[in-house]
Amino acid sequence: MTLPAFLARRLLFSIPLLVGVLFFTFALVRIGGQDPVALLAGPTATVQEIELVRRELGLEQPLATQFLIYTQKVVSFDLGRSWLSNKPVLAELVDRVPVTFELMFWGVLLGAAIGIPVGLRAALRADGPFDQASRFLSLLGFSIPTYWLGLVMLFVFFFLLEWAPPGMGRISLIVSPPPRITGSYLVDGLLTANWEAAHSALSQLVLPVICVAIVASAPIIKQTRAMALEVLGRDYVRLARAAGLPERAVRRIVWRNALVPVATFIGTEVTGLVGTASLIEYVFAWGGIGQYGLHAITSGDFAVVQGYVLFLALFSVLVFLLVDVLGFLLEPRSGASG
């Protein structure tokens, strides 16, 4: 199967998923216990004022009509306006994408840089002291609540040791942000030679990135170890060792054959980490998509909730598509029968 045909087939399979997510998102905010009209109108609103708000939002129409209108707006890239800030939801999401992407990119990259070598080494020395220690650390990473981890990092490195700045955004309050180019203060500061802003952005980035890396590395260690152990049990690995190949060559064989499932797992983990990172963003006042969606959920801003969940679905589909393409390029035989 050629790459264009592979992509076309994957995109075709994604359409029913997106339609299902669209319907689920629409229904979820309407079957909840909160009435958005009452929240918007306020506690002192009269019955007439509540009905006026309901008509303005189109919530007095049948659900089927509301879903049709909502679908037409989504197709035309209109996610509505925030019911609290009165700003376009799509514009606010797009504005916050680089913020979350910066945190996720460095956090997952650091987590993979730690988790993959540790998992491989643990598999190559199964049941040894290093394997036992890595499994304990992986279990510890799984068990730590994300919100608590962020608070502890701030308490230790900011309050006690005074090594890190306070978790109050992406740049110090006394430093002017650089001109917006990419949306990342660090990158924009480097591109505009604003070294003060770049240094401040880097210092603010360290603790949240470490938190994301800790959360990301734990499952990567476990999955890499499991995949490597499975490959080590294959006949061709035993044959390579019986033939007298050096251990370095055996490790390369194991890594090449475990690469595709590990890369696939990291891709699936990224989609879940976006939701997990929302708690880290909240602790460090990061201002990304996660914090934006979490605030909308707690405040009942259902228009933003719909846009946030829909964005996460689109992001997941895109990540899975990229992972499939990567797997196809690394191992074309995986798509030959698909």
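The values are calculated or read from the model by the stated rules, or taken from the named source; none is laboratory data. Bear in mind that the values here come from a model prediction, so they are computed numbers and not experimental data. Heads up, the Cβs are rebuilt from the backbone with ideal geometry, glycines too, and the neighbour counts pull from every protein chain shown.
Counting only helices (runs of 4 or more DSSP H) that sit wholly inside segment 233-338, those with at least 3 residues that are in contact with a Gly (Cβ under 7 Å, 6 or more places away or on another chain) are 247-283, 302-330. Search segment 72-92 for residues that are closer than 18 Å to Leu312 by Cβ and pair each with any residue that is of a type in the set (Asp, Glu) and modelled with pLDDT under 85 when their beta-carbon atoms are under 6 Å apart and the residues are at least 6 apart or on different chains. Hits for this filter: Ser82/Asp301.
Number of residues in segment 240-275 that are surrounded by fewer than 18 Cβ atoms within 10 Å (Cβ to Cβ) and under 14 Å from the mean Cα position of the chain (by Cα): the value is 4.
For Phe105, the test of being assigned to a helix (DSSP H, G or I), over 25 Å from the mean Cα position of the chain (by Cα) and surrounded by 13 or more Cβ atoms within 10 Å (Cβ to Cβ) is failed.
Out of Ala45, Ala123, which single residue is in a helix (DSSP H, G or I), hydrophobic (A, V, I, L, M, F, W, C) and either under 25 Å from Ala218 (Cα atoms) or without any contact (Cβ under 8 Å) to a residue 12 or more places away in the chain (or both)? Only one candidate qualifies: Ala123. Scanning segment 54-98 for residues that are surrounded by 15 or more Cβ atoms within 10 Å (Cβ to Cβ) and small (Gly, Ala, Ser) yields Gly80, Ser82. For segment 138-181, a residue qualifies if it is in contact (Cβ under 8 Å) with a residue 60 or more places away in the chain, among the small types (Gly, Ala, Ser) and in a helix (DSSP H, G or I), and the qualifying residues are Ser138, Gly141, Gly150. When only residues in segment 126-137 that are part of a helix (DSSP H, G or I) and touching a helix residue (DSSP H, G or I) at 6+ places or on another chain (Cβ under 8 Å) count, which is surrounded by the most Cβ atoms within 10 Å (Cβ to Cβ)? In this case the residue turns out to be Ser134. Quickly run through segment 253-294 and pick out the residues that are of a type in the set (Gly, Ala, Ser) and in contact (Cβ under 8 Å) with a residue 24 or more places away in the chain. Passing the criteria: Ala258, Ala263, Gly267, Gly275, Ala277, Ala285, Gly287, Gly288, Gly290. Listed by first and then second residue, the pairs with beta-carbon distance under 7 Å, at least 6 apart or on different chains, first residue in segment 12-25 and over 12 Å from Leu312 (Cβ atoms), second of a type in the set (Ser, Thr, Tyr) and surrounded by 11 or more Cβ atoms within 10 Å (Cβ to Cβ), are Leu22/Thr71.
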